[in-house]
Amino acid sequence: QAQLVESGGGLVQAGGSLRLSCAASGQTISSYSMGWFRQAPGKEREFVATISWSGATTIYADSVKGRFTVSRDNAKNTVYLQMNSLKPEDTAVYYCAARRGTYSASLATYHSWGQGTQVTVSS
């Protein structure tokens, strides 16, 4: 299984932007669908976005639609999450994950997870 490492998190003011990266090693992820999830303190981990293996299909949670963009560069074995117009409610630890087969919003179907990167949005 691929090892996934997220980076790019940090502290940003409301309205600002961040770009998260998820770099894979040990195995190519070009045939995997990839997902981004987040977990805020005291809350369950929730779906943010998913992208098909080719990048042709993306799906977003309603809460981030129009503000976040997921993309991938299979040549670099990396997936990205561009986050714009950030809100305090976007504060969470963000995780990337990989799954075989088609894209999915169900975190239970993902088999490889990164360790997460903290995103904090101040008001």
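The values are calculated or read from the model by the stated rules, or taken from the named source; none is laboratory data. Quick caveat, the model's predicted, so the values are computed rather than measured. Cβ sites come from the backbone with ideal geometry, for glycine too, and all protein chains shown count toward neighbours. Protein only, heavy atoms only, side chains kept; ligands, DNA and RNA dropped before computing areas. Shrake-Rupley method; radii C 1.70, N 1.55, O 1.52, S 1.80 Å.
Residue-wise test of (1) within 11 Å of the chain's Cα centre (by Cα); (2) modelled with pLDDT under 95.
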| residue | (1), (2) |
| --- | --- |
| Ala2 | no, yes |
| Ala24 | no, no |
| Ser63 | no, no |
| Asp73 | no, no |
| Gln82 | yes, no |
| Ala105 | no, yes |
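Here the condition is being under 23 Å from Ser123 (Cα atoms), open to solvent by 40 Å² or more (accessible area, probe 1.4 Å) and within 12 Å of the chain's Cα centre (by Cα); of Gln39, Gln13, it holds for Gln39 alone.
A single entry from Thr50, Thr28, Thr58, Thr91 fulfils the requirement of being surrounded by fewer than 17 Cβ atoms within 10 Å (Cβ to Cβ), touching a strand residue (DSSP E or B) at 6+ places or on another chain (Cβ under 7 Å) and β-branched (Val, Ile, Thr): Thr58. Listed by position, the strands (runs of 3 or more DSSP E) enclosed by segment 62-113 that each have at least 3 residues that are without any contact (Cβ under 8 Å) to a residue 40 or more places away in the chain are 68-73.
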